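What follows is a single structure, written as structure tokens, with notes after it.
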Amino acid sequence: MIPSIGSVGDAYDNALAETTIGLYKTEAVRDDSPFRAGPLGSLREVERVTADWVDWYNNDRLMHRLGRRPPAEYEAIYYANTRADQPVPHT
């Protein structure tokens, strides 16, 4: 098997995944989460909470690094201002 990104055994190994999972657990799964309407008693309820959180995370959450815009809005603006014949810069 060949790793898809990064290297094994360093501080960056799963940092992005672990950060996102931590945010999800803190913001969506905890008992006092605004995405919950009570105990999570079924897989369907977990799926609903997850879908609601992902929608908020991408479409409503304001990110300071993106000029206090939601990620989906920032991406739409980026692509609206990028011509198809321009190379996309790597940042």
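The values are calculated or read from the model by the stated rules, or taken from the named source; none is laboratory data. Since this is a predicted model, take the numbers as computed values, not measurements. Here the Cβ positions follow ideal geometry from the backbone for every residue, glycine too, while neighbour counts run over all protein chains shown.
Brief remarks on what is shown
- Number of positions in region 56-87 that are modelled with pLDDT under 90 and touching a helix residue (DSSP H, G or I) at 6+ places or on another chain (Cβ under 9 Å): 0
- Near pairs, Cβ below 7 angstrom, 6+ apart or cross-chain, from region 13-37 (small (Gly, Ala, Ser)) to any residue that is part of a helix (DSSP H, G or I) and surrounded by 13 or more Cβ atoms within 10 Å (Cβ to Cβ): ALA28/VAL49; ALA28/THR50; ALA28/TRP53; SER33/GLU27
- Among the residues listed as ARG61, ARG65, the single one being surrounded by 12 or more Cβ atoms within 10 Å (Cβ to Cβ) and within 18 Å of the chain's Cα centre (by Cα): ARG61
- Restricting attention to region 44-58, the residues that are among the charged types (D, E, K, R) and surrounded by 15 or more Cβ atoms within 10 Å (Cβ to Cβ) total 2.
- Flag if ARG61 is within 25 Å of ILE21 (Cα to Cα), outside any helix (DSSP H, G or I), without any contact (Cβ under 8 Å) to a residue 24 or more places away in the chain and not β-branched (Val, Ile, Thr): yes
- With respect to (1) more than 29 Å from ARG69 (Cα to Cα); (2) exposed (fewer than 12 other Cβ atoms within 10 Å of the Cβ); (3) modelled with pLDDT of 90 or more, the lone exception for LEU40 is condition (2).
- ALA84 being out of contact with any Asp or Glu (no Cβ under 8 Å at 6 or more places or on another chain) and surrounded by 13 or more Cβ atoms within 10 Å (Cβ to Cβ): no
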